[in-house]
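Notes follow the structure.
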Amino acid sequence: MTDEGSEQDDVSFLRTSKSSSASGHRTLLYGHAVLLCHGHSNMYLACLSTSSSKDKLSFDVGLRENSQGEACWWTIHPASKQRSEGEKVRVGDDLILVSVATERYLHTALEGEQYIVNASFHQTHWSIAPFGTGTSRAKNVGFVFGGEVLRFFHGGDECLTVPTNWSDTSEQNTVVYEGGAVFNQARSLWRLDLARTKWSGGFIIWGHPLRIHHITTGRYLAINENNEICLLSREEATIERAAFCLKPNKEKNKDDKRDIDEKDEEIIGSPLIKFGDTTVYVQHVETGLWLSYKTYETKKRGVGKVEEKQAIMSEEGKMDDGLEFSRSQEEEAKTARVIRKCETQFNHFVQILNSLHSSRTTQRSHRLSRSPP
């Protein structure tokens, strides 16, 4: 949920937009009916009319593009006896969500090997975790926040991206600097995910750990065992391998090795880094290495020899390693996520076909081996 408090230090309770609260109040109270909007897709959490769970008294829960009717409305109730109806909903509270349409609880359950979410007569307690404040974003337009989808510009004429032939094999799992048409292509889009903070949608500040998420592959910028840059899956992208931070320069400061304490995790930060205006240097938190590049010559059909730049990690790097951020358009960020989902589905389909082909080949070989001489 997004907290839209009026002041930075007044963020212990939640506020809503008027359109998402049935009562019209902006301060969220227990007993209110609300719409729950998914941040990236802008779709609404809805209780569907279908039931695919083993629990035949439950209903499926999914996302809908519009909020018409009662299906998308949920009432909020306290899970603790220390809270009561009419009190403010606060960050850190445990609560219960009830579907207005079916009077069932928003519930999560393990079915088979995966967790599902449905609307059931069984309760699940949900915890309120903060993301960001609407007021801070409105007052600081142009500054970089956690969760922003953006491009890393280098030298004004190229940006950080993956090559067109990228794959997860070790030889082709690389990151490059490229110019030209890639400025308008989804493969140059990244998202900054703040780590070790309760405010994942807070300001991006100097020295705070973050993970750099590549949108179209769904992977994270990281380093391998040889300190080479690669993209790793969510499961592989540990803080040790995939945590980076931004610095205004490469000078060593006494606070560089300072551990992030509880106070750092609680604050939302300050507006420091601005799109198109602030130069940043990217440092790997665990190793202290800097994001830099190496140049090499390659031949391209119809062009001849061209110089290309591959991203690397370096102890000192180069003088021109500074980068600037360019915010993506909302539609191209959505398109990039659609591309990733389509690619994932296609790869899954190909794997199934390959599995069927291998199975039939094995069966055919087995029949041939059993046929009489």
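The numbers here are math on the coordinates, done by the rules we state, and not lab data. These numbers were taken from a predicted model, which means no experiment stands behind them. All Cβ positions, even for glycine, are placed from backbone atoms using ideal geometry, and neighbour counts span all protein chains on display.
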Let me know the Rg and Dmax you get for the chain when you use only its Cα atoms, in Å.
24.6, 86
So for Phe153, Phe131, fewest C-beta neighbours within 10 Å to most, what's the order?
Phe131, Phe153
Links that overshoot a 30 Å alpha carbon limit, given the list Lys274/Lys305; Lys139/Lys334; Lys250/Lys294; Lys250/Lys334
Lys274/Lys305; Lys250/Lys334
Counting other Cβ atoms within 10 Å of each Cβ, which GluC sites (Glu not before Pro) in segment 149-190 have at most 10 and sit in a DSSP loop?
Glu171
Once you treat every alpha carbon in segment 155-199 as an equal point and sum by Debye, what is log10 I(q)/I(0) at q = 0.21, 0.25 Å⁻¹?
-0.76, -0.89
Provide the gained length on full extension for the span Leu57 to Thr108, in nm with one decimal, where the gain is 0.36 nm per separating residue minus the Cα-Cα distance.
16.9 nm
Mean 1/r over all different Cα pairs, inverted: what Kirkwood radius does segment 136-217 give, in Å?
14.1
Taking 0.36 nm per residue of sequence separation and subtracting the Cα-Cα distance, how much length would be gained by fully extending the chain between Gln329 and Glu65, in nm to one decimal?
93.1 nm
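Using just the helices of the chain, give the 222 nm mean residue ellipticity in deg cm²/dmol: DSSP H runs with n ≥ 4 each add -39,500 (n - 2.57), and the total is spread over all residues, rounded to 500.
Details: 4 runs with 56 residues, N = 373.
For the chain, the value works out to -5000 deg cm²/dmol.
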Leu356 versus Phe121, label points 7 Å from Cα toward the beta carbon: distance in nm?
4.1
Among Cys342, Cys159, Cys230, whose mean-square fluctuation peaks in a Gaussian network model of the chain (Cα, cutoff 10 Å)?
Cys342
Provide the FRET efficiency to the nearest 0.05 for the Val306-Lys250 pair, computing r from the beta carbons and using R0 = 25 Å.
0.30
Relative contact order %, segment 140-332, counting alpha carbon pairs below 8 Å whose residues are six or more apart
25
Range of Cα positions in segment 55-205 per principal axis (Å), largest first:
57, 42, 33
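From the square roots a ≥ b ≥ c of the eigenvalues of the alpha-carbon gyration tensor of segment 140-332, which class results: rounded (a/c under 1.5), prolate (a/b over b/c), or oblate? Please report the intermediate quantities before stating the final value.
Working: a/c = 1.63, a/b = 1.46, b/c = 1.12.
Because a/c hits 1.5 or more and a/b exceeds b/c, segment 140-332 counts as prolate.
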Sorted by Cβ neighbour density within 10 Å, fewest at the top, the residues Ile204, Ile223
Ile223, Ile204
Express the relative contact order of the chain as a whole percentage, based on alpha carbon pairs under 8 Å and six or more residues apart in sequence.
12
Regarding segment 18-127, what are the three Cα extents along the principal axes, ordered largest first, in Å?
38, 32, 25
Glu225 versus Val338, label points 7 Å from Cα toward the beta carbon: distance in nm?
4.2
